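What follows is a single structure, written as structure tokens, with notes after it.
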Amino acid sequence: MRIVVLAGGIGGARFLRGLKAAVADADDAGTTDITVIGNTGDDIHLFGLKVCPDLDTVMYTLGGGIHEEQGWGRADETFAVKTELAAYGVGPEWFGLGDRDFATHIVRTQMLGAGYPLSAVTEALCARWQPGVRLIPMTDDRVETHVVVDTPEDGRKAVHFQEYWVRLHASVPAQAILPVGAEQSKPAPGVLEAIAGADVILFPPSNPVVSIGTILAVPGIREAIAEAGVPVVGLSPIVGDAPVRGMADKVLAAVGVESTAAAVAEHYGSGLLDGWLVDTVDAGATEAVEAAGIRCRAVPLMMTDVHAAARMAREALTLAEEVRGEARA
């Protein structure tokens, strides 16, 4: 079985870890292939280096190098370089890169400077971490998510998503979300081929606007998924009308979507989604989702550990088989 997963952020990475465990339990022959299309809209240039937070979070999480408590960054990290940069008055101070993490960004930036595309660089970095999946950036082109905000000092302006999320902690309302450069970008090599060859496509409980939504903003990806002719199943990142983690409600409001499991499903739409999992506390939403033409089931969606994430992944694959069986009937 060939599974394609669109992923961004901590939720996507932890779901992937559960998916790997679920597949390992069910596939003794090791014939299941997982391809991850990673969000690069969070990418940012800092200290002269190209930083890819979502790609690295997937790579570190699946490769055993993640800081488990944070869900991002390296385990056993030190911050000597950050301290020295601050002593020189070099910022931004609000975005902290650890010494181990710096090494990844240095290697990436050197390879990009030598002319390698981001997809080739990501493959080279994964050769060290052995994440057990094929990780492909959504595009080799530069795409950055910006957030339009109103500030007392400068009025309305656009800031990089990382500044909105990390420095401002989403404390001011987002007026609009702009995937800058997306319209001019094209899918990275292997992206469309993976989608066309997939047996199942999964949307993990990642941010539907700035993670999965940004991937879908790359021309050709949404269309390829809609035309793939295979089950497309998503898991709600909203439980009990609130994000499981992060501040997805802030960016959902910016695109006019309520922070509910049903509203997020309808935001993706029946033209894209075939199945949708909501948490048991949102079981009342299943009727509305199915009325929108999307098969829906209520199951536990809290990723408290790898076993819980694996159960979620199994539920998603089971729902995909239901969709497939219905289509055949």
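All of the numbers you see were taken from the coordinates with simple rules; none came from a lab. What you see is a predicted model, and the numbers here were worked out from it, not measured in a lab. Quick reminder, even Gly has a Cβ in these numbers, built from the backbone with ideal geometry, and neighbours come from all protein chains shown.
So what is the relative contact order of the range 118-195, in percent, for Cα pairs below 8 Å that sit 6 or more residues apart?
That works out to 36 percent.
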Open item on the list: If amide hydrogens are placed 1.01 Å from N in the peptide plane, which non-local residues have theirs closer than 5 Å to the one on Asp141?
Closed with: Lys186
- [ ] Report, to the nearest 10°, how far helix 306-328 tilts away from the longest principal axis of the Cα atoms in the chain, using its own Cα long axis and a range of 0 to 90°.
- [x] 50
TODO: On a C-alpha basis, how far is the centre of the range 100-125 from the centre of the range 290-321 in Å? Whole number, if you could?
DONE: 35
Task: Over the range 154-197: Kirkwood hydrodynamic radius from C-alpha pairwise inverse distances, Å - done: 13.3
Task: J(HN,Hα) series, the range 77-83, from Karplus relation 6.51 cos²θ - 1.76 cosθ + 1.60, nearest Hz, glycine and proline x - done: 7, 10, 9, 5, 5, 4, 4
Open item on the list: Please report the antiparallel percentage of DSSP beta bridges with both residues in the chain, rounded to the nearest 5.
Closed with: 45
- [ ] State, in angstrom, two size descriptors of the chain derived from its alpha carbons: Rg to one decimal place and Dmax to the nearest whole number.
- [x] 19.2, 67
Task: Net +/- balance of residues flanking Ile221 in space, Cβ distance below 13 Å, scoring K and R +1, D and E -1 - done: -3
Open item on the list: Rounded to the nearest angstrom and ordered from largest down, what semi-axes does the equivalent ellipsoid of the range 129-244 get from its C-alpha gyration tensor (root of 5λ)?
Closed with: 29, 18, 13
Open item on the list: I need the shape label for the range 207-256. Rule: rounded when a/c is under 1.5, else prolate if a/b > b/c, else oblate, with a, b, c from the alpha carbon gyration tensor.
Closed with: oblate
- [ ] Enumerate by residue number the GluC sites (Glu not before Pro) in the range 80-179 meeting two conditions: DSSP loop (anything except H, G, I, E, B), and at most 15 other Cβ atoms within 10 Å of the site's Cβ.
- [x] Glu93, Glu153
Task: Relative contact order %, the range 230-329, counting alpha carbon pairs below 8 Å whose residues are six or more apart - done: 29
- [ ] May I ask you to list the aspartates and glutamates whose Cα is less than 20 Å away from that of Lys186, ignoring any residue fewer than eight positions away on the same chain?
- [x] Asp42, Asp43, Asp54, Glu123, Asp140, Asp141, Glu144, Glu223, Glu227
Task: Among Leu192, Leu168, Leu235: highest mean-square fluctuation, GNM of the chain, C-alpha pairs under 10 Å - done: Leu168
Task: For peptides 258-267, 295-304, 10-19, 65-74, sequence by mean Cβ density within 10 Å, most packed first - done: 10-19, 258-267, 295-304, 65-74
Open item on the list: Rounded to the nearest 5, what % of DSSP beta bridges with both residues in the range 136-290 are antiparallel?
Closed with: 70
TODO: Read phi for every residue in the range 265-270 and hand back ³J(HN,Hα) as whole Hz from Karplus 6.51 cos²θ - 1.76 cosθ + 1.60, θ = phi - 60°, with x for Gly and Pro.
DONE: 4, 5, 5, 5, x, 5
TODO: Could you run the Karplus curve 6.51 cos²θ - 1.76 cosθ + 1.60 with θ = phi - 60° over the range 119-128 and give me ³J(HN,Hα) per residue in whole Hz, x for Gly and Pro?
DONE: 4, 5, 5, 4, 4, 5, 5, 5, 4, 6
Open item on the list: Is the C-alpha gyration tensor of the range 203-329 telling us rounded, prolate or oblate? Criteria: a/c under 1.5 is rounded; beyond that, a/b larger than b/c is prolate, otherwise oblate.
Closed with: rounded
Open item on the list: Counting only helical runs of four or more DSSP H residues, what would the 222 nm mean residue ellipticity of the chain come to if each run contributes -39,500 (n - 2.57) and the total is spread over all its residues?
Closed with: -11500 deg cm²/dmol
- [ ] For Leu46, list long-range residues whose amide hydrogen, built 1.01 Å from N in the peptide plane, is under 5 Å from its own amide hydrogen.
- [x] Val51
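Around Val200, with a cut-off of 9 angstrom between Cβ atoms, what is the net charge of the other residues, counting Lys and Arg +1 and Asp and Glu -1?
Every neighbour counted, the sum reads 0.
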Open item on the list: Taking amide H atoms as placed 1.01 Å from N in the peptide plane, list the residues 5 or more away in sequence, or in a different chain, whose amide H sits under 5 Å from that of Val200.
Closed with: Arg2, Val4
Task: Within-9-Å neighbourhood charge of Pro53 [Cβ basis; K, R +1; D, E -1] - done: -4
Task: Global form of the range 1-106, assessed from the alpha-carbon gyration tensor, a/c cut-off 1.5 - done: prolate
